[in-house]
Structures are given as C-alpha cells and as structure tokens.
Amino acid sequence: MTDIDYIKEFVYQLSIKEMDYLVNSSQQTLLDFYRIWTAKEAYVKAIGAGIAEFDLCSISVHLVQPAGNPRVYINGKESEFYFKSGTLDAEDYVYCIATSSEPNCAFSTTDLLDFIESSHRTAI
C-alpha cells in the first residue's frame with residue numbers, strides 16, 4: 001500500500017483542501033498527513049469532545065511550511081486555539097498541542113521528551 005492509498009482510507013475525515021494538498025502538493029505526504037491528523041485530534045480534545053463525536057471534515061488544517069505550527073479552521077473560521085506541533089525521535093512521531101492562550105514561554109521538543117520521560121517514571 002502506498003502512502004497515498006493509506007491516506008485515502010481517511011477520505012471521510014479530511015477536508016477537500018487537505019486531501020488535495022496531500023495528493024498533489026506535499027513533499028512529505030505521510031508526515032504531513034500525521035501533522036494534519038494530530039492537529040485535528042488536538043482540537044477535538046481541547047473542546048472536550050471525542051473524535052467519533054465530531055465531524056472531522058469540518059476541521060481544515062493548513063500546514064505552514066517548512067514544519068511550522070498548523071493553522072486550524074472550523075467551518076471556515078480560524079480556531080480560537082493556538083497550536084504547537086513538531087516531531088519526536090527523528091520524525092518518527094508527530095505531536096500537536098492545542099492551548100487556549102498563546103504560550104508565553106519557549107517550548108522545545110526536548111522539553112516535551114523530558115516531560116514524557118519523567119511522567120513515565122512517575123507512572124511506574
């Protein structure tokens with residue numbers, strides 16, 4: 001299965017613009033798909049809904065290149081949330097965080113990895 005074939009499995013959860021971008025314009029198709037998908041998940045979680053309860057096609061994620069933070073639109077209107085996305089472990093994992101106010105501090109992937117590691121140790 002090609003990356004495009006895999007992404008087409010999500011046709012009912014992607015907006016027309018997202019699908020067009022992934023199929024026709026993206027240079028890193030699978031990575032960009034995961035950037036879009038994690039931004040959708042971050043938004044749905046930020047509003048307290050479940051992914052199955054929300055029409056994901058009403059969320060349109062615009063990726064800022066190269067690898068900038070996504071801009072998220074709901075039914076054509078820009079979201080009130082701020083989004084921070086990035087990759088972990090040499091781009092094998094993609095994350096996106098949605099916050100209700102613009103972060104007033106620097107945030108790095110190293111900070112996130114340290115937080116995950118310390119949380120994992122605490123949970124054990």
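Going by what's in this entry, would Tyr21 be described as surrounded by 14 or more Cβ atoms within 10 Å (Cβ to Cβ) and touching a residue at least 40 places away in the same chain (Cβ under 8 Å)?
On the way: surrounded by 14 or more Cβ atoms within 10 Å (Cβ to Cβ): yes; touching a residue at least 40 places away in the same chain (Cβ under 8 Å): yes.
Yes, satisfied.
Of all the residues that make up the range 55-66, how many are over 15 Å from Cys96 (Cα atoms) and crowded, with 18+ Cβ neighbours inside 10 Å?
Total satisfying the criteria: 1.
Scanning the range 17-54 for residues that are β-branched (Val, Ile, Thr) and within 12 Å of the chain's Cα centre (by Cα), which turns out nearest to Asn75 (Cα to Cα)?
In the first step, residues of the range 17-54 are kept if they are β-branched (Val, Ile, Thr); the result is 23, 29, 36, 38, 44, 47, 51.
Filter again for within 12 Å of the chain's Cα centre (by Cα), leaving 36, 38, 44.
Values: Ile36: 16, Thr38: 18, Val44: 14 Å.
So the residue we want is Val44.
Is there any pair with a first residue in the range 67-80 that is open to solvent by less than 80 Å² (accessible area, probe 1.4 Å) and a second that is of a type in the set (A, V, I, L, M) and not in a strand (DSSP E or B) whose Cβ atoms are under 8 Å apart and which are 6 or more apart or on different chains, and what are they?
Sorted first by the residue in the range 67-80, then by its partner, the pairs are Pro70/Ile36; Pro70/Ala39; Pro70/Leu63; Pro70/Val64; Val72/Ala39.
If you scan the range 24-52, which residues turn out to be assigned to a helix (DSSP H, G or I), aliphatic (A, V, I, L, M) and loosely packed, with under 14 Cβ neighbours inside 10 Å?
Taking the range 24-52 first, the residues assigned to a helix (DSSP H, G or I) are 24, 29-46, 51-52.
Filter again for aliphatic (A, V, I, L, M), leaving 30-31, 36, 39, 42, 44, 46, 51-52.
Once the filter is applied, which keeps residues that are assigned to a helix (DSSP H, G or I), aliphatic (A, V, I, L, M) and loosely packed, with under 14 Cβ neighbours inside 10 Å, the range 24-52 yields Ile51, Ala52.
Could you tell me which residue of the range 91-122 is farthest from Ile47 (Cα to Cα), considering only residues that are in a loop (DSSP other than H, G, I, E, B) and modelled with pLDDT under 70? Lay out the reasoning, then the answer.
Of all residues in the range 91-122, those in a loop (DSSP other than H, G, I, E, B) come to 91-92, 100-108.
Pick out the ones that are also modelled with pLDDT under 70 and you get 91, 103-108.
Working: Glu91: 27, Pro103: 18, Asn104: 21, Cys105: 23, Ala106: 24, Phe107: 22, Ser108: 24 Å.
Among those that are in a loop (DSSP other than H, G, I, E, B) and modelled with pLDDT under 70, it is Glu91.
The values are calculated or read from the model by the stated rules, or taken from the named source; none is laboratory data. Values in this document were obtained by computation on a predicted structure and should not be read as measured data. Note that each Cβ is placed from the backbone with ideal geometry, even for glycine, and that neighbours are counted across all protein chains shown. For accessibility, only protein heavy atoms count, side chains too; no ligands or nucleic acids. Shrake-Rupley method; radii C 1.70, N 1.55, O 1.52, S 1.80 Å.
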